[in-house]
Amino acid sequence: MLNRRSMREISQMRQAGQLVRSAHAAVAKAIKPGITTRELDATVEQLFDEAGAIPLFKGYPGPVPFPTVTCTSVNEAVVHGIPNDRPLQVGDIVSVDTGCKIDGWCGDAAVTHSIGEVSEDVRRLLDVTQASLSLAIELLAKKERWSDVAREMQAMIEGAGLAVVKQFVGHGIGREMHEAPQVPNFVSRTLLEKEDFRLKTGLVLAIEPMVCLGNDKVRCLSDQWTQVTIDGSFSAHFEHTVALTPDGPELLTG
């Protein structure tokens, strides 16, 4: 069952989305060589606390509850990285993913940052991953079904010689962070036969391509959360919460 939100509800969701946007702006301002991901996490936690928002990630259930308000995934980490005290170095990339709830409504977004100069291949990884998200948002107003969007995202990514992570996908979002539908960044038999959906006004989606320089296989570290590429290749992650409105797609976190 897909939730289709009214324009009034979408307007209420905008508050959480804009606070998530502010969190990412604060991270972008603070990030530099020598800073730690734990310090970046503290910046976001303070911002959410001052706004009276509920962090969506901290305490999220799993083998152990997730301990922080952000996921900070460095270099070969794809998603769900736990902030720590390792100083970021020139040449690193770090994906910062966070979300919050305000007045019962959620927002969720991710950005991958480069620390100083990075290699040409890594720059291509960041550019293509972000471009695939922009493409998806643009196509929401032009396509009838999500599979049509996912197919073009996958073609852009693989056409650039990169790999789409298939173990993790985007999701619907609203009263809860994770709602139906599943929103993959690739086309599969499961999507075409069971999980595809029409792009209708009122849907609110967290679209989040995850892309690797090497292959798409990942494994979980002993902290029971951090997912890294098996081949050690760098990975990037960009995400927006997007509402489908009568006037076209609206970035609630943009």
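The values are calculated or read from the model by the stated rules, or taken from the named source; none is laboratory data. Keep in mind the model is a prediction, meaning the values are calculated, not measured. Glycine gets a Cβ as well: all are built from the backbone with ideal geometry, and neighbour counts include every protein chain shown.
Taking (1) more than 17 Å from the chain's Cα centre (by Cα); (2) modelled with pLDDT of 95 or more in turn, Leu19 satisfies each apart from (1).
Restricting attention to the stretch 3-38, which residues are among the acidic types (Asp, Glu) and loosely packed, with under 15 Cβ neighbours inside 10 Å?
Filtering the stretch 3-38 down to residues among the acidic types (Asp, Glu) leaves 9.
The answer is none; no residue qualifies.
Considering the conditions (1) part of a loop (DSSP other than H, G, I, E, B); (2) surrounded by fewer than 19 Cβ atoms within 10 Å (Cβ to Cβ), Glu193 is excluded by exactly one of them, (1). All conditions but one from (1) surrounded by fewer than 17 Cβ atoms within 10 Å (Cβ to Cβ); (2) farther than 22 Å from Val164 by Cα; (3) not aliphatic (A, V, I, L, M) apply to Asp121; the one that does not is (2).
Among the residues of the stretch 201-218, is there at least one that is among the β-branched types (Val, Ile, Thr) and at pLDDT below 95? I'd like the intermediate steps shown before the answer.
Of the stretch 201-218, the ones among the β-branched types (Val, Ile, Thr) are 201, 204, 207, 211, 218.
With at pLDDT below 95 added as a condition, the list becomes none.
No.
Scanning the stretch 61-97 for residues that are within 19 Å of Gln167 (Cα to Cα) and hydroxyl-bearing (Ser, Thr, Tyr) returns Thr72, Ser73, Ser95.
Taking the options Gly161, Gly107, Gly99, Gly116, name whichever one is surrounded by fewer than 16 Cβ atoms within 10 Å (Cβ to Cβ), small (Gly, Ala, Ser) and over 22 Å from Asp231 (Cβ atoms).
On the way: Gly161 fails: over 22 Å from Asp231 (Cβ atoms); Gly107 fails: surrounded by fewer than 16 Cβ atoms within 10 Å (Cβ to Cβ); Gly99 fails: surrounded by fewer than 16 Cβ atoms within 10 Å (Cβ to Cβ).
After applying the criteria, what remains is Gly116.
Once the stretch 45-57 is narrowed to residues that are more than 16 Å from the chain's Cα centre (by Cα) and of a type outside the set (Gly, Ala, Ser), the residue that is nearest to Ile173 (Cα to Cα) is Ile54.
The criterion of at least 1 residues that are more than 22 Å from Val118 (Cα to Cα) is met, among strands (runs of 3 or more DSSP E) falling completely within the stretch 35-104, by 70-74, 93-102. Scanning the stretch 45-64 for residues that are at pLDDT 95 or above and farther than 20 Å from Glu176 by Cβ yields a count of 6. Of all the residues in the stretch 164-190, those that are modelled with pLDDT of 95 or more, over 23 Å from Pro61 (Cα atoms) and either outside any loop (DSSP other than H, G, I, E, B) or touching a strand residue (DSSP E or B) at 6+ places or on another chain (Cβ under 9 Å) (or both) number 3.
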